[in-house]
1. Does the stretch 139-263 come out rounded, prolate or oblate, given a ≥ b ≥ c as the square roots of the eigenvalues of its C-alpha gyration tensor, rounded meaning a/c under 1.5 and, failing that, prolate meaning a/b above b/c?
2. Pairs of lysine in the stretch 171-305 with Cα under 23 Å and at least 8 positions apart or on different chains: total?
3. Starting from the amide H of residue 81, placed 1.01 Å from N in the peptide plane, find each other amide H under 5 Å away whose residue is 5 or more places distant or on another chain.
Amino acid sequence: MKDFSTELVKSLYFDKERFNEIMREMLEEAINGILQSELGAFLGYETYSYAGRNSGDSRNGSYERIIQSQFGPLHLTIPRDRNGEFSQKLIPGYSRRTDSLEDTIIHLYSHGVTTGEIADIIEHMYGSHYSRSTVSNITMSVTGLVEAFHTKAIKEKYAVVYCDATYLNLRRDTVSPEALHVILGITPDGKKEVLDYAVYPSESAQNYREMLERLKERGLKQILLFVSDGLNGLHRAIKMVYPDSKYQSCWVHLSRNVRRLVRKKDWSDVLGALKTVYTQENANDAKEMLEAFLDMFADQYPKLRGLLADVGNLFTFYEFPTSIRRSIYSTNLMERCNKYLKSGYRKKEQFPHEESLDRYVATFLTDYNNRYSELAHRGFLEAEPELLAMFKE
């Protein structure tokens, strides 16, 4: 198999046609390899093996089929046996498309399973045994996708960047939840893209700083606004890498902290009143509503004043166009991405090693980026001229 990692990295420099061709070639090679392995399993011996002599059946050439895939036509070589008893199970008869096959191969590792487990799954699905070496060839392709994700070129300007982490069970010597740090950006014209991810034992501002420094090396020069859950030290870490960027703490996370400080019977009243703060038309009105909120509830729950004492990063979103404010006062967009990521992960209770987690996350996030690469997020097209004017020349 060709140096898939190198070719894929090159193709991701905004060359979608080259990317599709590489994926088409990889699919074609992988499927043909599996078909040969399927015949080998049927006959009970590999090509040119001494065990095949006088076995009563042998290989007998092949015939061609063309299957249409999302990456282009796949030219497949279907092997035959001399007795005419072999019937491959990988490709449905008379099928001209490979939707289920692509889902099997391209997303084979999207659940973090091992090579041996995947071989067992394929055997169960298709009724034949596939060697671990055949499955490992596909693993190499997905490993290339991981490398490509972490090295592809980054645009110079992003209007908004979200930082958030979610915890996944990972086995090292023992199984323990570890923090998957994810950084997602939105361009001035509303195109959203996960820029990078990294696994650390726990979430910290220093981890994000390291990730941002790598993004800067890959070409990311300006970010207007960072949005996060208010992780301790993160604002300071961001300023060390992007000193001109603004920062917004997530109001949804703040609401959860407020709820933690009040009795359950008061949740509805307190949280309802708090929502009126960050839904005001301007920052001055919002600050006045915050004072009114504290006057109403802080005598009963004094800890609220301490929680809401530092409002410096709570009202930054009011400095941005009205049409995008609903998207930038919280990390909800980022949390939805993490939620979908974990919905697939729950099908496997843990990742056996960091490499399998990498394969799963890179596959999922590459698909996520492709899905939203041409879609403008709500309100950004309307705000684009104003956002572009906010960048420094």
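1. Oblate, since a/c reaches 1.5 and b/c is not below a/b.
2. For the stretch 171-305, the number of qualifying lysine pairs is 20.
3. It is 60, 86, by chain and number.
None of the figures in this text is laboratory data; all of them are computed from the coordinates on show. Keep in mind it's a predicted model, so treat the numbers as computed, not measured.
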